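S.K.: Got a structure here, written out as C-alpha cells. Questions coming.
The values are calculated or read from the model by the stated rules, or taken from the named source; none is laboratory data. Treat the numbers as computed from the prediction; the structure is a model and nothing was measured. Neighbour counts are summed over all protein chains in view; Cβ atoms, including those assigned to glycine, are modelled from backbone coordinates with ideal geometry.
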Amino acid sequence: MFDSLREKILSPIRSLGKSGRITEADLEEALKDIRRALLEADVHFKVSKEFLEQVRREAVGQELLKSVTPGQQFTKIVYDALVRFLGGAGEDARLELRAAPPVPILLVGLQGSGKTTTAAKLALYLKKKEKKRVLLVPCDPRRPAAKEQLRTLARQAEVECFDSDLTRSPARIVKAALEEARSKVFDALIVDTAGRLAIDEELMDEIQEVKKALQPHATLFVADSMTGQDAVNVAQAFHARTPLSGVILTKLDGDARGGAALSIQFLTGLPIFFFGTGEGVAALEPFHADRLASRILDRGDVLTLVEKAQEAISEDEAKAGIQKMAKGQFSLEDFLGQMKMMQKLGSMESLMKMLPGGNQLLGQLKGVDAEKELKRTEAIILSMTSKERRNHKVLNGSRRLRIAKGSGTSVAEVNRVVQRFEQTQKMMAQFSKMGLLKKMLPF
C-alpha cells in the first residue's frame, strides 16, 4: 500500500534527518522532492500545491531552521499535513445508521470499481461490527451476472440476498426490496446499482430514479483507488448530479501511489468511510486518516494490529498464553500455538507493515520468504512427539535427526528452531520479571 509514495516522501525526510542543522536551501530541496513525489503519485495539482504551502508555513512557524532535531520535527509537520488532507485527526468518518429500520444504503460508481464486492464486504462489516441484519439487493438489469455474483458473495458473508426481478425497472426493484426488508425486519439493506465505463445521462437519470424510490439514508460512492485522479473527477461529477454521503476506496492494498486517497476528500469534501484491502469479503477496514498517514511514513499502525488481534484471538487464548509465559511453562507446543494465532492476523508481510519501521525491515529481508520459514518451522515442531514438544530438553542428537527426516529438513534447521524457541523463552522470562507480560494483552 502506497509503497512508491512512501519511499519518495521518506527519502528527502531522511536526508534532512542526517543534518544537525538545516538551511533554507535544504528545506526547499526537500519540498521540491516531496512535490515531485506527490505529482508522480497522481495527486491532484491543487492538492499538491496546498499541501506544500501548509508544510512550508508550519516549518517556518515552528522555526525548523533553528531546531536541533530538524528531521524529527519535519516528519511531524509532514505527518500532520497528511492527516489533514486524508480527513483530519480525531475526526474519523463513521457511517451512522441511526434511522428507522430498514436503513437503505445506496452504492454508486463506475463499472469495474468494485461495487458488487464492496456491497458484500459492507454487509459483513455491519453484521459483525454493528450486529445488523442486512439484506443485499442486486439492481443492475443490464448485467444479470452481477446478481449471481452478489448471491455468491452473500453466501460467503452469510447474509441474505434479495431475489431481484431484473425484468423490472431499477426503481421497482428497490421498492420491492424495501417491502421485503420491512416485512422480514431487516436492520439495513444495501443496493448494488448499475455502472458504466463512463458517466452518461442515462446512468445519472437511472440513479436519480432509484434514489427517489429508495430515499437512501446514505449514498456511497465506490472509487477504484488505483485510477488516481480519474476517481476524483468521477466522484466530483457524481456529487454534482446526485449528492453523495461519503466514499469507499477499493483496491487500496494494490495502490502504490495513493493519489486518489490524498485528493478525494480535499477536493470533494466527502468523508472516506472505508477502504478495501483485498478480494475476500472480510477485507474491508474503517478509514482512519491518522493511521493511514502513519503507514505512509513507515511509523506503523499498531492500533489496527491490536484490533485485528482482538478479533482473531479470544481473550481466554491470549490470557492462557501470557500466564504460561509468566510461569515459565512456555513449551514448543505453545510456541506452535502462538505461531498459528499470528497466522490468523494475516500474512507476515502485512503484519510487519503495521509495525514502526516495518517497511524498512522488509526491504532488508528481501529474498527471505517469511511464510515459507513459518511453514518449515511448523513442519519441524509437528514432527516431534508430544513429549518432545512439552520438554525440548530431551531432544538429543538421534531425536533431532529423526525430526529432520520427518519434516524434510536438516538437523541444522531443527537446531535453529530450538535455538529461536530458547531465545523466546529467555525473552519472555525477562518480560515477566519486568511486569511487561500483562501489558501485552490486547484486552
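S.K.: On the given criteria, is residue 41 aliphatic (A, V, I, L, M), farther than 22 Å from residue 267 by Cβ, surrounded by 14 or more Cβ atoms within 10 Å (Cβ to Cβ) and at pLDDT 75 or above?
M.R.: no
S.K.: Same structure, new question: Name every residue in region 207-222 that is touching a helix residue (DSSP H, G or I) at 6+ places or on another chain (Cβ under 6 Å) and more than 16 Å from residue 105 (Cβ to Cβ), in order of residue number.
M.R.: Result: 209, single match.
S.K.: Taking residue 276 as the residue in question, decide whether it is modelled with pLDDT under 85 and either touching a strand residue (DSSP E or B) at 6+ places or on another chain (Cβ under 6 Å) or over 24 Å from residue 127 (Cα atoms) (or both).
M.R.: It is false that residue 276 is modelled with pLDDT under 85 and either touching a strand residue (DSSP E or B) at 6+ places or on another chain (Cβ under 6 Å) or over 24 Å from residue 127 (Cα atoms) (or both).
S.K.: Something else: Picking from 173, 207, which residue would you name as being of a type in the set (A, V, I, L, M), within 23 Å of residue 272 (Cβ to Cβ) and in contact (Cβ under 8 Å) with a residue 12 or more places away in the chain?
M.R.: Among 173, 207, only 207 is of a type in the set (A, V, I, L, M), within 23 Å of residue 272 (Cβ to Cβ) and in contact (Cβ under 8 Å) with a residue 12 or more places away in the chain.
S.K.: Criterion first (touching a Cys at 6+ places or on another chain (Cβ under 8 Å) and outside any helix (DSSP H, G or I)) does residue 185 satisfy it?
M.R.: No, not satisfied.
S.K.: Can I ask one more? Would you confirm, using the coordinates I've provided, whether residue 247 is of a type in the set (A, V, I, L, M, F, W, C), more than 17 Å from residue 87 (Cβ to Cβ) and either in contact with a strand residue (DSSP E or B) (Cβ under 6 Å, 6 or more places away or on another chain) or not in a strand (DSSP E or B) (or both)?
M.R.: no
S.K.: Counting residues that are of a type in the set (D, E, K, R), at pLDDT below 85 and not assigned by TED's automatic domain parsing to the domain that holds residue 220, which helices (runs of 4 or more DSSP H) fully inside region 64-181 reach at least 1?
M.R.: 70-86
S.K.: OK, next. Given (1) modelled with pLDDT of 85 or more; (2) under 27 Å from the mean Cα position of the chain (by Cα); (3) among the small types (Gly, Ala, Ser), identify the lone condition not met by residue 213.
M.R.: Unmet for residue 213, out of (1) modelled with pLDDT of 85 or more; (2) under 27 Å from the mean Cα position of the chain (by Cα); (3) among the small types (Gly, Ala, Ser): (2).
S.K.: Restricting region 395-428 to residues that are surrounded by 16 or more Cβ atoms within 10 Å (Cβ to Cβ) and of a type in the set (A, V, I, L, M), which is farthest from residue 378 (Cα to Cα)?
M.R.: 428
S.K.: Can you pull out the residues in region 139-166 that are touching a Pro at 6+ places or on another chain (Cβ under 9 Å) and either within 16 Å of residue 209 (Cα to Cα) or hydrophobic (A, V, I, L, M, F, W, C) (or both)?
M.R.: 139, 140, 141, 146, 150, 161, 162, 166 - these are the residues of region 139-166 that are touching a Pro at 6+ places or on another chain (Cβ under 9 Å) and either within 16 Å of residue 209 (Cα to Cα) or hydrophobic (A, V, I, L, M, F, W, C) (or both).
S.K.: Looking only at region 1-25, filter to residues that are of a type outside the set (Gly, Ala, Ser) and farther than 22 Å from residue 298 by Cα; which one of those is modelled with the highest pLDDT?
M.R.: Among those that are of a type outside the set (Gly, Ala, Ser) and farther than 22 Å from residue 298 by Cα, it is 24.
S.K.: Could you identify the single residue in 292, 297, 244 that is outside the structural domain of residue 121 (by TED's automatic domain parsing), surrounded by fewer than 23 Cβ atoms within 10 Å (Cβ to Cβ) and within 23 Å of residue 46 (Cβ to Cβ)?
M.R.: Exactly one residue qualifies, and that residue is 297.
S.K.: Could you grab me the full set of residues in region 204-229 that are in a helix (DSSP H, G or I) and in contact with a Leu (Cβ under 9 Å, 6 or more places away or on another chain)?
M.R.: Passing the criteria: 207, 210, 211, 213, 214, 225, 226, 227.
S.K.: If the requirement is being closer than 24 Å to residue 146 by Cβ, within 15 Å of the chain's Cα centre (by Cα) and crowded, with 19+ Cβ neighbours inside 10 Å, which of these qualifies: 277, 227, 219?
M.R.: 277
S.K.: So, one more: Name the one entry in 324, 308 that is surrounded by 14 or more Cβ atoms within 10 Å (Cβ to Cβ), at pLDDT below 65, over 21 Å from residue 118 (Cβ atoms) and basic (Lys, Arg).
M.R.: 324
S.K.: For region 383-417, give me the residue count where each residue is assigned to a helix (DSSP H, G or I), closer than 18 Å to residue 373 by Cβ and touching a residue at least 40 places away in the same chain (Cβ under 8 Å).
M.R.: Looking only at that region, the number is 1.
S.K.: Test each condition in (1) within 16 Å of residue 85 (Cβ to Cβ); (2) under 19 Å from the mean Cα position of the chain (by Cα) for residue 284 and report the one that comes out false.
M.R.: The one condition residue 284 does not meet is (1).
S.K.: Here's another thing I want to ask about it. Confirm whether residue 195 is modelled with pLDDT under 90 and either among the hydroxyl-bearing types (Ser, Thr, Tyr) or crowded, with 17+ Cβ neighbours inside 10 Å (or both).
M.R.: yes
S.K.: Right, something else. Please determine, by comparing only the residues of region 242-266 that are within 18 Å of residue 9 (Cβ to Cβ) and of a type in the set (Gly, Ala, Ser), which one is modelled with the lowest pLDDT.
M.R.: Ranking the qualifying residues of region 242-266, first place goes to 256.
S.K.: Any residue in region 221-232 that is out of contact with any Lys or Arg (no Cβ under 7 Å at 6 or more places or on another chain) and modelled with pLDDT of 85 or more?
M.R.: Checking region 221-232: at least one residue is out of contact with any Lys or Arg (no Cβ under 7 Å at 6 or more places or on another chain) and modelled with pLDDT of 85 or more.
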